[in-house]
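All remarks here apply to the structure that follows.
The values are calculated or read from the model by the stated rules, or taken from the named source; none is laboratory data. Every value quoted in this text rests on a predicted model; they were computed, and no experiment measured them. Note: ideal-geometry Cβ built from the backbone for every residue, glycine included; neighbour counts use all protein chains shown. Ligands, DNA and RNA are stripped out before the accessible areas are found, and what is left, the full protein with its side chains, is counted by its heavy atoms. Shrake-Rupley method; radii C 1.70, N 1.55, O 1.52, S 1.80 Å.
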There are 2 protein chains.
Amino acid sequence: MTSNPTFPPPRHATPELLAALQARFAEQFSTSQAVREQHGRDEGSTDAPPPDAVVFAESTQDVADLVRLAAAHNVPVIPYGAGSSLEGHLLATEGGISLDVSRMNRIISVNADDLTVTVQPGISRKQLNEAIKHTGLFFPIDPGADASIGGMAATRASGTNAVRYGTMRENVLALEVVSASGEVIRTGTRAKKSSAGYDLTRLYVGSAGTLGIFTEVTIRLYPLPEAVSAAICSFPSIEEAVRTVITTIQMGVPIARVELLDAHTVRLVNQHSKLSLREEPMLLMEFHGSPGSVQEQAEMVQAIAGEQGGQAFEWANTPEERTRLWTARHNAYFAGIQSRPGCRAVTTDVCVPISRLADCLLESLQEVESSGLPYFLVGHVGDGNFHFGYLIDPDKDEERTRAEALSHQLVARAIRMDGTCTGEHGIGTHKMDFLVEEAGAGAVAVMRSIKHALDPQNILNPGKIFTW
Amino acid sequence: MTSNPTFPPPRHATPELLAALQARFAEQFSTSQAVREQHGRDEGSTDAPPPDAVVFAESTQDVADLVRLAAAHNVPVIPYGAGSSLEGHLLATEGGISLDVSRMNRIISVNADDLTVTVQPGISRKQLNEAIKHTGLFFPIDPGADASIGGMAATRASGTNAVRYGTMRENVLALEVVSASGEVIRTGTRAKKSSAGYDLTRLYVGSAGTLGIFTEVTIRLYPLPEAVSAAICSFPSIEEAVRTVITTIQMGVPIARVELLDAHTVRLVNQHSKLSLREEPMLLMEFHGSPGSVQEQAEMVQAIAGEQGGQAFEWANTPEERTRLWTARHNAYFAGIQSRPGCRAVTTDVCVPISRLADCLLESLQEVESSGLPYFLVGHVGDGNFHFGYLIDPDKDEERTRAEALSHQLVARAIRMDGTCTGEHGIGTHKMDFLVEEAGAGAVAVMRSIKHALDPQNILNPGKIFTW
């Protein structure tokens, strides 16, 4: 079972540091209880005391100055974007200052000809897409929440259409980073590829603010697809739904989205959203491309699904129809949460090679069903990634223990199948043991020695990914 | 101009180390002059004394044992795959033992359902593709030379079809690595995506053997395309050829290959291969997909090219015809080299954002033409990457100086255009100053501190990427 790691004693902001921050940041600085509390919780299921203060950075210089001051006083700095982390990335587990970058939300340059854009880290993905709509381009990565681009880069986020467009790993080209000593460095260029030294961009992406703080992010854009078509389809069993996905991927169909709900989750969605979907395992799909290519993809997938007993295909080609079809997927999380008033969701995030997906899903479903815990299940199945939400009563320790045990069994299964404990949410505060189980002590020791080399004082978001 | 870096005094193998290696490796160990010399040169233009000895590793254990022995005697270890580096990656610039992994060329497991394969590092890309032909899958990355997969991963290699399939950065999923202390660690899993801690896989990919030695590499495979079509097309000017490429990329056409030769290089190829191609800038293209998609792509690109004055389109759909069409590209390097008997090519490798490609190419062409140095030019223009080969008489220092000056001007131009000094060949021994120019002293200091943390004795391929 995951143990909550034991953190070293917090290093709280001293009165001297607070005075220095007040002097430097004036109205960009707050110690109000409400502001601190708002910056001390995320969407996850773990709590921690709030940060000692919050600084609202408005420039790279602000970030560098804050880090220098914090370093001089040996106090942690915890970056904060949109607050949508699910794994406690923004918790002040060891005390310190929350660095809110949400005011750093400018687009620095759109390079439409190169399909790139450089933004400040606080811009949200929806703000970005709204602002670049006129270019005919879009940024596809969609983790569900309207996360900040900086936070998505820090978490190595992905979401529903990673199956076609990749994750933040593939889509961040370059970064401006403030180091633990307050120095501003640049990683990468706008060139599409490079063999120039160590791939610092990819090292910082997914480092959760523990190695440096992003102040600019250069990401890839894509042409808005000429045609988009969406479909839902029901299957007699999860196995047949998953087999449809596997064949689709193996045949190289460039499907843009393919999501799974199990029969139980469809039932929750029907209740929540007053729908009348067949209460059977369901795939939700989306195809992007030229009209001809979209039609070809749709026909291929329909044929593959037909061989697996897929039926009740419904198609949508306009944005409104697509939204209606995808309601089930969009509402699954809330349908789950609201099916048990007052509950909290312990969310899992394993990702396995697609050949093992059916086994992993079926064994895990059986386990959760016999545990008796309420749950929901959604999956980015084209990537082999799925999420259980175990719906626990937060006042019942026994339920949390049972959920953690299920989560650990699931992770152990995924690792046995050559998968990962986290496809897109990150390790954060709560999956450190899983990381050791997955990567081995040797690889975690390498990560730790990189952290020690780049942040010798351990002031950048300490207590995340691994203990010091 | 690039200065050749000053290397610290070599740390040569001591008689004690040689005796220990002889005892441990027996007939897998050699100090013969011929074997050492063969392992002391690559395809680049820089020379160094040969390694002190060569060990032919046959297993991960062999690699770990060699590294432990070398570490105990504080002597460098230099990994050697196929010897096809262009940047001196395998030179024993600071003395030491060459670790030849070419006997480690087994396929460990093909996971056709997941489109992955795990191999030992010494297998070459052609060996791999031959061995997996029966699965209907292939490994697309094609740097020209029949490089080893381990070497390609270490260099972050790419080549002609990276425009569609990405580079080694996108295609290595996981590694087994022997660390500087001889410990075996694993990075990554076979899951398609992960947010589990630092992205060690991407850190090791492109690290040129300076952070660890690869003993297993898990890479992505792709379904062999159902249809393949190739074409060549001539243009009135480079600008119009490049504009065709830019529009193709911007419109999201998933072109698999798009290569450029300038008029002068077409002339060299005509002379070399007795062809009668129009001596004008030429694009060579390849389209992969379903028959319908290939036809659609081809029609779109033909229309785009037509608007840019493209003419003399020739199409090929069978493998034999395609080979004939692509002869010009395949022979460009040799046509260049053989156009000046006894010459050596100083090869450049810049990569720029595609919007700057025409400017970068035209300014650089003008420069080389007015320099009077013989040259050839080929380009992976879909990625904004191109190579000049400056053909110098190796006995004339003045020509080398002139070539280095051209190379430096080209790199400075690429960096001004937000590009990189090396798209795919790596920094090696010879582009260290360029790396500092491109990444800045701060980013290089970060790289160096990672190196110091992971290889405190500096025994893993020292003197590459940056000085200690």
One decimal, nm, nearest first: from A:Ile107 to the same residue in each other copy, label points 7 Å out along Cα→Cβ, the values are 4.7
Lysine pairs in chain B 8 or more apart or on different chains: how many have alpha carbons under 30 angstrom apart?
14
Heavy-atom accessible area per residue - segment A:240-383, 1.4 Å, Å²
39 Å²
Rounded to the nearest 10 Å², the accessible area of B:Ser158 at probe 1.4 Å:
0 Å²
Largest-first ellipsoid semi-axes for the protein assembly as shown, taking √(5λ) over the Cα gyration tensor eigenvalues, angstrom:
43, 34, 28
If amide H atoms are modeled at 1.01 Å from N in the peptide plane, then the residues at a separation of 5 or more from A:Gly182, or on another chain, having amide H under 5 Å from its own are none
Please arrange B:Glu296, B:Glu279 by accessible surface area, largest first, computed with a 1.4 Å probe and ligands excluded.
B:Glu279, B:Glu296
Heads up, segment B:72-147 by the C-alpha gyration tensor (a ≥ b ≥ c square roots of eigenvalues; a/c under 1.5 rounded, else a/b over b/c prolate, else oblate) looks prolate
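Starting from 0.36 nm per residue, how many nanometres of slack lie between B:Gln409 and B:Glu37 once their C-alpha separation is accounted for?
Value of the extension gain: 130.6 nm.
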Among A:Thr420, A:Thr467, A:Ala453, which residue has its Cα furthest toward the positive end of the charge dipole of segment A:420-468, with +1 on Lys/Arg Cβ and -1 on Asp/Glu Cβ?
A:Ala453
Give the ranking of B:Thr201, A:Thr401 by solvent-accessible surface, highest area first, calculated with a 1.4 Å probe.
A:Thr401, B:Thr201
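For chains A and B, what's the summed buried accessible area, probe 1.4 Å, to the nearest 100 square angstrom?
6000 Å²
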Could you tell me the relative contact order of segment B:107-223? Use alpha-carbon pairs under 8 Å, at least six residues apart, and round to a whole percent.
32 percent
At a cut-off of 40 Å², which residues of segment A:345-362 become less accessible once all protein chains are present than in their chain alone, using a 1.4 Å probe?
A:Pro353, A:Ser355
Apply the a/c threshold of 1.5 to the C-alpha gyration tensor of segment A:356-437 and tell me whether it is rounded, prolate or oblate.
oblate
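For A:Trp468, B:Trp326, give me the order by solvent-accessible area with a 1.4 Å probe, most accessible first, ignoring ligands, DNA and RNA.
On the way: A:Trp468 115, B:Trp326 10 Å².
These residues rank, largest area first, as A:Trp468, B:Trp326.
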Relative contact order of chain A, pairs being alpha-carbon contacts under 8 Å that are 6 or more residues apart, as %:
16 percent
